[in-house]
Amino acid sequence: MIRQAAPLFCKLLVIIAVITWTIYPTLAGERDEYVFAYKLFQEGAYFIAKDELKAFIQDYPQSADADDARFLMGECALQLEKYDEAIQHYKQLQIDYPDSPLRLDAVRSTATAWFRQGRYEEAIKAYEKVVASSDEPLVISHSLYLIGESYDNLGLYQKSGEYYDQVLTEYPQSDEASDALYAKGWSLYRLKKYGEAHDTLTDFIEEYPVHYAVPEASYRAAESLFNLSNWVKAQQAYQQVIDTYQTDPEYRQLAIDARFRLGECYFQQKLMEEAKNAFELLLREHGKSPIVAEAQYWIAEVLLEEKKYPEAIHEYQKVVTLYPQSEVVDDAQYGIAMAYFLKGNYPKAGSEFKKVAENRRSGLSDAARFRLGECFRLQREFNSAILHYKKVGAKSGYTDDALYGRATSAFELRDYSQTIEALNALLSAQPSSPLRPYVLYQLGLAYFNQQAYQESSQALDSFLSENRDAHLETAPTDEALFWKARARFELEDYSATLQACEELLQRFPNSRLRYRAEFFIAESTYWREQTPQAYQSARRKYQALLEKQSQIAPDAIGTEWAEKCRYGIGWTHFSEATLSKDRAKQQKHYQAAVSAWKEGLANHPNGTLADKTQYHIGIAYINLKQYDDGIQTFNQILSNYSGSDWGDNARYQTGWVLYKQERYREAITAFNQMLTVHPGSQLVPKAIFGIANAYFKQGKYAQAIREYQRVVDKYPNPIREAGAEKAIDLRPEAQYYIAESFLNLQSYLEAIAAYEKVLQHHPKSEWADDAQYGIATAYENLGEKEKAIQAYRTLTQKYPNRELAADVQLQIGRHYYEEKDYKRAIAEFQNAINQYPETPSAWLAQYNIGKCYIALGSYRQAIGAFERVDARSDFAATAAYEIGYAWYDQNNPSRNLGNAVNALLTVPEKYPQSVDVPRALLVAGECYRELDELDQTVAVYHRLLDDYPDSEQAQWAQLALGDAYRAQGEHQQAIEAYDVIREKGTDRYSVDIVIDGLLRLAETYAQIGQNRDAGTTYLRIRYLYKDHDPYRAFQATVYAADAFAKAGETLAQAAYTHQAKDEYENAIEFYESSVPQVQDAGERKKWDALYDYATNKLQQLFE
């Protein structure tokens, strides 16, 4: 392909011409030396010429021809293929003679040296410099062409084509144009742009018919057509090459290759006889050519294509026997195996494939290994098949086939995990594999069988979206839609199930799956919405299907689906009953369910759902509270359906009903019968669990622990009750109740150990947080508060989203509150707010923060905290009260009774039903009293007494009302207020309030001069309440004596004075009998002072 033009020598002629007319006479010796060296160069004596030129430069370094000599030294080295030396001379010229007109020639020759060395990147840069600097078309075109050649040699065919195009468009008349056009054709061919390559090469042949490359261009044009699968035109092109060059010794091999290709063209056109003749002709005429082995191989291929398997095997065997060193010997051996395979002789095919597979140097090793797997698969030896599929190389062209074969074999073995693994590996390795539709379909089925319904649906969705209109025999679209519907149904996505089934019915009205799709439409209608309307709609669909059943599917399959429809009708009634809050409607629908199921039994007494139907009739009876009928129905399962899968359920439900009725002993007996008869049932752990629960309910905790432990030890796997939607793992709950039993036995350390097992073995179960809470409770019962708090804190950290977590966080805060570590308590309550915002727990925490600030004496912060309690909180009213009380509190340095009243009165306004209203009104009255707003005081107390007469605060309000009236000087109204307390006594009021009321009533009588009434009232305290409060009884006796003494003075009646003396004496006697029990020094001091007073008063009366 590479042909360099030679403008360099033209340049040298110019140099000689310049030398001729520039030599001066005085330099004749210099001239002779230079001409001598130059002539040596011209004669091709490069080695000698180079030495003479070197000597010339040394002798005449200042010569005008020194740069020419240096350049010619480089040319000599270039001709001698001493490229590095040549490059060094060219570079030296540029250094020593920067103004030399030969500098650009030196750059171009440097590029040529690099090109010949294969240093194409450097050559490109140098040629580009020449193109940019030169103004000579011949130099530019030559450089552009060689840039293209450099890119071609670097494998950058797109780039090389651009430079060939530049030569062709800008220098079409250059010497390089023909080579550029031919090279462009090759670049396009290598870029697999076979159409453009063919056209370009054809143009080249037409424009340059005598070019040396025309034979190769003709063959390459035919190859382009071959690669375009244009067999007819390729055939014609190869024939033309044969006709033109078959007699030319120089191109004889080209003609042989073309004849071989001719045979392949015939083969591809299914012209088997012509193909065979072409290959046989090659064998006859070119028996010693290396290509004859391939011709022999293709004769066998023709016979294989014609399904003449014995003949094909015979011809393949010739290749193996006659041409054992041929490159196609492995292909021939593979062909032998393939012939046996297509003939259906899989054992023989396998043995032949094995020969190829075990030859790891063979390019067909992986293909043979795959076929070997196929042989075993077709013989249903799936494990052996998988073994061979796995040996197919990961980078083989058969990787996807092998993975798919492995997947289908695993599917047949019901090893769905391996199926899924292989199919996903195939999709990952070759996402665009032609097997992709089948992979997606098979993946959907495998996931479904593994109960991975979400993944199943996704795989089938991909299949349906990518192959909507495809008709694949082993991956039918209607089945894909049906299995997608089933997957969505299992995922409880009933809307998607309906959509898929309806699409199936619309697109494939004659599908064999039509009736099943309609059934799942009814099923999905039932499950999609838990409403009476949905159940009624589903019922109509089931009934419509029953009407169609006799016409569409009168066979056994149709009968099976009819039974399912009747069963479904019963369920619609059963479910509608469970929704209804009307007892009469419930009864009606349960009865309808029983009737529907009984009709199903009548029509299908031996149906697949008969025992299941009988079982649910029993459940319906239980819901009707017809327990005897329910148990009788369960017994019928045992008698009528011997060996039924529902027998264990029936016995279990019998035990459960008895347990529900709190007939624990009978329940234990029933559960034990189930264990005896059905020792292998999945319900065994539930029955044992039921026994344990019955013991627990009876308080027999040791027996309960024993049975719970059986569940934990013997049944490590979750169980699924027939008909249940989800599997149930009883172990966490059983382990939890073991701990609860120990807790109830007050074996706290054992309880803690049992709770910890819940956390260790079932950390994600719903019982884990309860167990953690139990640990904290057990530590509290042991009195180990710090460990209890740590356990609570662990609960909030490990289970922050569980129901207990928020309450536990509050519990931690309350602990620090009780310990009076109020700042720590505030931090913990704030954690509750941060972790559980907008929850009742957060609101309570906010309230508790306020209480902490009150305890710290930080009233302003407390008020702010109470104000942030959410109005929706149960503590909102209490917080409002606390705000008012904080303003009222005498310890508040910023005490403000006005603010207190305003805050307190918001409680009855905003929260009239709150229990905090009475105490808010009571404190508001106290505020008004201190503010000396006595009318407001009286009004507030009356409001409290009128609206909340039975509240505790009403007792104090009655007392305070009297005080307010007395402060107003309204003594008669005060007496009436106090007298209410006297009249109702301890039937309504606490003893302390009654005593206070009597004291103040007596004081009021005394204030208005009714001393006799005052004295009598005081005596009520002594006679009625001396045991409750001895000191105040003593005090009241002394005050009664004072009152009678004043009455005697006022009324001048000796009887009152005498009564006064008696009461003083009674007081002194009471003191003497009571004071020995007074141990407190302060209290004794009070007693003594009052005693002294009474003694003095008595003496005064006797004076």
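Which of the residues belonging to the stretch 597-636 are crowded, with 18+ Cβ neighbours inside 10 Å, more than 26 Å from Arg583 (Cβ to Cβ) and of a type in the set (A, V, I, L, M, F, W, C)?
Scanning the stretch 597-636 gives Leu601, Leu609, Ala610.
Within the set of pairs 6+ apart or on separate chains, which have a first residue in the stretch 278-297 that is of a type in the set (Ser, Thr, Tyr), a second that is surrounded by fewer than 22 Cβ atoms within 10 Å (Cβ to Cβ) and assigned to a helix (DSSP H, G or I), and C-beta atoms under 8 Å apart?
Short answer, once both residue conditions are applied: Ser289/Gln253; Ser289/Ile256.
Condition check ((1) farther than 18 Å from Asp461 by Cβ; (2) touching a Leu at 6+ places or on another chain (Cβ under 9 Å)) across all residues:
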site	(1), (2)
Ser511	yes, yes
Glu518	yes, yes
Ser524	no, yes
Gln533	yes, no
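Can we say Gly969 is at pLDDT below 90, over 17 Å from Ala877 (Cβ atoms) and either hydrophobic (A, V, I, L, M, F, W, C) or more than 60 Å from the chain's Cα centre (by Cα) (or both)? Working first, answer last.
Values: at pLDDT below 90: no; over 17 Å from Ala877 (Cβ atoms): yes; either hydrophobic (A, V, I, L, M, F, W, C) or more than 60 Å from the chain's Cα centre (by Cα) (or both): yes.
For Gly969, the condition - at pLDDT below 90, over 17 Å from Ala877 (Cβ atoms) and either hydrophobic (A, V, I, L, M, F, W, C) or more than 60 Å from the chain's Cα centre (by Cα) (or both) - is not met.
Can Gln442 be described as part of a helix (DSSP H, G or I) and under 22 Å from the mean Cα position of the chain (by Cα)? Spell out the reasoning first.
Working: part of a helix (DSSP H, G or I): yes; under 22 Å from the mean Cα position of the chain (by Cα): no.
So Gln442 does not fit the description; no.
Which residue is surrounded by the most Cβ atoms within 10 Å (Cβ to Cβ), if the candidates are limited to the stretch 656-677 and must be farther than 21 Å from Gln709 by Cβ and under 43 Å from the mean Cα position of the chain (by Cα)?
Val657
Filter the stretch 265-278 down to residues that are within 60 Å of the chain's Cα centre (by Cα) and crowded, with 21+ Cβ neighbours inside 10 Å, then give me how many there are.
Pass one, the stretch 265-278, residues within 60 Å of the chain's Cα centre (by Cα): 265-272, 275.
When the remaining residues are screened for being crowded, with 21+ Cβ neighbours inside 10 Å, the result is 265-266, 275.
Within the stretch 265-278, residues that are within 60 Å of the chain's Cα centre (by Cα) and crowded, with 21+ Cβ neighbours inside 10 Å number 3.
Give the number of residues within the stretch 453-480 that are closer than 16 Å to Ser511 by Cα, surrounded by 17 or more Cβ atoms within 10 Å (Cβ to Cβ) and either touching a Gly at 6+ places or on another chain (Cβ under 7 Å) or not acidic (Asp, Glu) (or both).
Number of matching residues: 4.
Only one of (1) free of Cβ contacts under 8 Å to residues at least 24 places away in the same chain; (2) over 29 Å from Lys984 (Cβ atoms); (3) of a type outside the set (Ser, Thr, Tyr); (4) surrounded by fewer than 18 Cβ atoms within 10 Å (Cβ to Cβ) is not met by Gly1048, so which one is it?
If we test Gly1048 against (1) free of Cβ contacts under 8 Å to residues at least 24 places away in the same chain; (2) over 29 Å from Lys984 (Cβ atoms); (3) of a type outside the set (Ser, Thr, Tyr); (4) surrounded by fewer than 18 Cβ atoms within 10 Å (Cβ to Cβ), just (4) comes out false.
Just to be sure I understand, how many residues within the stretch 679-711 are part of a helix (DSSP H, G or I), more than 37 Å from the chain's Cα centre (by Cα) and among the basic types (Lys, Arg)?
Of the residues in that region, 2 qualify.
Only one residue in Glu707, Glu721, Glu740, Glu733 is closer than 25 Å to His762 by Cβ, charged (D, E, K, R) and at pLDDT below 90. Which one? Steps first, please.
Working: Glu707 fails: at pLDDT below 90; Glu740 fails: at pLDDT below 90; Glu733 fails: at pLDDT below 90.
One residue alone meets the criteria, Glu721.
For the stretch 279-312, which positions are in contact with a helix residue (DSSP H, G or I) (Cβ under 8 Å, 6 or more places away or on another chain), surrounded by fewer than 18 Cβ atoms within 10 Å (Cβ to Cβ) and among the charged types (D, E, K, R)?
Glu280, Glu305, Glu306, Lys307, Glu311, listed by residue number.
Go through the stretch 836-873 and give me each residue that's of a type in the set (Ser, Thr, Tyr) and under 23 Å from Asn892 (Cα atoms).
Let us first name the residues in the stretch 836-873 that are of a type in the set (Ser, Thr, Tyr), namely 836, 839, 841, 847, 853, 858-859, 873.
Hits for the stretch 836-873 are Tyr847, Tyr853, Ser858, Tyr859.
Check off (1) touching a Leu at 6+ places or on another chain (Cβ under 9 Å); (2) crowded, with 21+ Cβ neighbours inside 10 Å for Leu804 and give me the number that stays unchecked.
(2)
Quick check on my filter: what residues within the stretch 634-653 are modelled with pLDDT under 90 and either in the same structural domain as Trp597 (by TED's automatic domain parsing) or hydroxyl-bearing (Ser, Thr, Tyr) (or both)?
Matches in the stretch 634-653: Ser639, Tyr641, Ser642, Ser644.
Just to be sure I understand, how many residues within the stretch 287-301 are over 60 Å from the mean Cα position of the chain (by Cα) and either more than 15 Å from Leu262 (Cα to Cα) or at pLDDT 85 or above (or both)?
Going through the stretch 287-301 one residue at a time, the tally reaches 4.
Of all residues being among the charged types (D, E, K, R) and assigned to a loop (DSSP other than H, G, I, E, B) in the stretch 445-485, which is modelled with the highest pLDDT? Just the residue, please.
Narrowing the stretch 445-485 to residues among the charged types (D, E, K, R): 455, 461, 466, 468-469, 473, 478-479, 484.
Imposing the further condition that a residue be assigned to a loop (DSSP other than H, G, I, E, B) reduces the set to 468-469, 473.
Numbers: Arg468: 76, Asp469: 76, Glu473: 79.
Top of the filtered list is Glu473.
Report those helices (runs of 4 or more DSSP H) wholly inside the stretch 937-1044 carrying at least 1 residues which are assigned by TED's automatic domain parsing to the domain that holds Val1078 and on the phi > 0 side of the Ramachandran plot.
On the way: elements: 952-968, 971-988, 991-1007, 1011-1025.
Correct list: 971-988.
For the condition among the small types (Gly, Ala, Ser) and within 49 Å of the chain's Cα centre (by Cα), what is the one hit in Ala368, Ala312? Walk me through it before giving the result.
On the way: Ala312 fails: within 49 Å of the chain's Cα centre (by Cα).
When all the criteria are applied, what remains is Ala368.
Of all residues in the stretch 428-439, how many are surrounded by 13 or more Cβ atoms within 10 Å (Cβ to Cβ) and outside any helix (DSSP H, G or I)?
Here is the first cut: in the stretch 428-439, the ones surrounded by 13 or more Cβ atoms within 10 Å (Cβ to Cβ) are 429-430, 433, 435-439.
When the remaining residues are screened for being outside any helix (DSSP H, G or I), the result is 430, 433, 435.
Residues meeting the conditions: 3.
Are any residues in the stretch 36-51 in a helix (DSSP H, G or I) and out of contact with any Leu (no Cβ under 6 Å at 6 or more places or on another chain), and if so, which ones? Spell out the reasoning first.
If we filter the stretch 36-51 for residues that are in a helix (DSSP H, G or I), which is where we start, we get 36-42, 46-51.
Within the stretch 36-51, Phe36, Tyr38, Lys39, Leu40, Gln42, Phe47, Lys50, Asp51 qualify.
In contact with a helix residue (DSSP H, G or I) (Cβ under 8 Å, 6 or more places away or on another chain), modelled with pLDDT of 90 or more and among the acidic types (Asp, Glu) - does that describe any residue in the stretch 410-418?
yes
Within the stretch 351-395, can you find the residues that are touching a Lys or Arg at 6+ places or on another chain (Cβ under 8 Å) and crowded, with 18+ Cβ neighbours inside 10 Å?
Phe353, Ala357, Ala368, Arg369, Leu372, Gly373, Ala385, Ile386, His388, Tyr389, Val392
Please go through the stretch 638-655 and pick out each residue that is in contact (Cβ under 8 Å) with a residue 24 or more places away in the chain, under 44 Å from the mean Cα position of the chain (by Cα) and crowded, with 18+ Cβ neighbours inside 10 Å.
Trp646, Gly647, Asp648, Asn649, Ala650, Arg651, Tyr652, Gln653, Gly655
Looking at the stretch 239-260, is at least one residue among the aliphatic types (A, V, I, L, M) and within 60 Å of the chain's Cα centre (by Cα)?
Checking the stretch 239-260: not a single residue is among the aliphatic types (A, V, I, L, M) and within 60 Å of the chain's Cα centre (by Cα).
Of the residues that make up the stretch 247-254, is at least one among the β-branched types (Val, Ile, Thr), at pLDDT below 95 and in contact with a Phe, Trp or Tyr (Cβ under 7 Å, 6 or more places away or on another chain)? It would help to see each step written out before you state the result.
Pass one, the stretch 247-254, residues among the β-branched types (Val, Ile, Thr): 247.
Adding the requirement that they be at pLDDT below 95 leaves 247.
From the residues that got through so far, the ones that are in contact with a Phe, Trp or Tyr (Cβ under 7 Å, 6 or more places away or on another chain) too are none.
No, the conditions are met nowhere in the stretch 247-254.
So is Ile1068 modelled with pLDDT of 90 or more, surrounded by fewer than 20 Cβ atoms within 10 Å (Cβ to Cβ), hydrophobic (A, V, I, L, M, F, W, C) and in a helix (DSSP H, G or I) or not? Can you show your working first?
Details: modelled with pLDDT of 90 or more: yes; surrounded by fewer than 20 Cβ atoms within 10 Å (Cβ to Cβ): yes; hydrophobic (A, V, I, L, M, F, W, C): yes; in a helix (DSSP H, G or I): yes.
So Ile1068 passes the test.
The values are calculated or read from the model by the stated rules, or taken from the named source; none is laboratory data. In this text the structure is predicted, and so the values were computed from the model without any measurement. Positions of Cβ are backbone-derived with ideal geometry, glycine not excepted, and every protein chain shown enters the neighbour counts.
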